[in-house]
């Protein structure tokens, strides 16, 4: 569970880095053309056509699927370990909200991923030759979709808050002299990654 989670964290960093190049895009409404996003489209074309990348896509899909299956399995295992509930249980005194409801935030992020993949990847790869930047601009011109995107990022932040630190705790690295470092990096990660993703739709909705 920890390994698959850190693998997906590395994907988020790469995905965000590439997507931020989309902020360079400018739109000439009279010519219906886009310019300034050449780097974004270059990366997008590379990711969609390079023969080495295609197997990695299946590996990424397998990583998401494995993480979800393991999450469900561990949740059921924990429930089975204590079939009889405590008579008095003040969970807030010994655990955080993000840790207690990691399964819920995971499900909500999974729902978002299905919608997100269909909006961009599926539409671009299987249903047309529209440039990815055009799909991005069209999607983020919808206030409803942007609102949905923002809510999903909040759940992603909570999921990362618990998952990032828990992964290092699983490996025994969130202890002793490493504890403060892991906690600090964890805060930067679960805070900056969602903020970085949030900038993109907000830019296209309000400033584009």
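Taken together, the values in this text are just the output of simple stated rules run on the coordinates, not laboratory data. Predicted model, so just to flag it, every value in this text is computed and none were measured. Heads up, the Cβs are rebuilt from the backbone with ideal geometry, glycines too, and the neighbour counts pull from every protein chain shown.
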Notebook entry, point to check: Roughly how many nanometres apart are two label points built 7 Å out from the Cα toward the Cβ at residue 104 and residue 56?
Noted result: 3.6
Next item on the list: Provide Rg and Dmax in Å for the range 143-198, with only Cα atoms included in the calculation.
Entry: 13.5, 46
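When only Cα pairs under 8 Å and 6 or more residues apart are kept, what is the percent relative contact order across the range 141-208? Could you put the intermediate results ahead of the total?
Values: 38 pairs, mean separation 32.0, N = 68.
Across the range 141-208, relative contact order equals 47 percent.
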Notebook entry, point to check: Which distance in nm do the two modelled labels at residue 1 and residue 150 give, with both placed 7 Å along the Cα-to-Cβ direction?
Noted result: 3.2
Checklist line | Residues of the range 168-208 with amide N under 20 Å of the 7 Å Cα→Cβ point at residue 20 | finding: 184-208
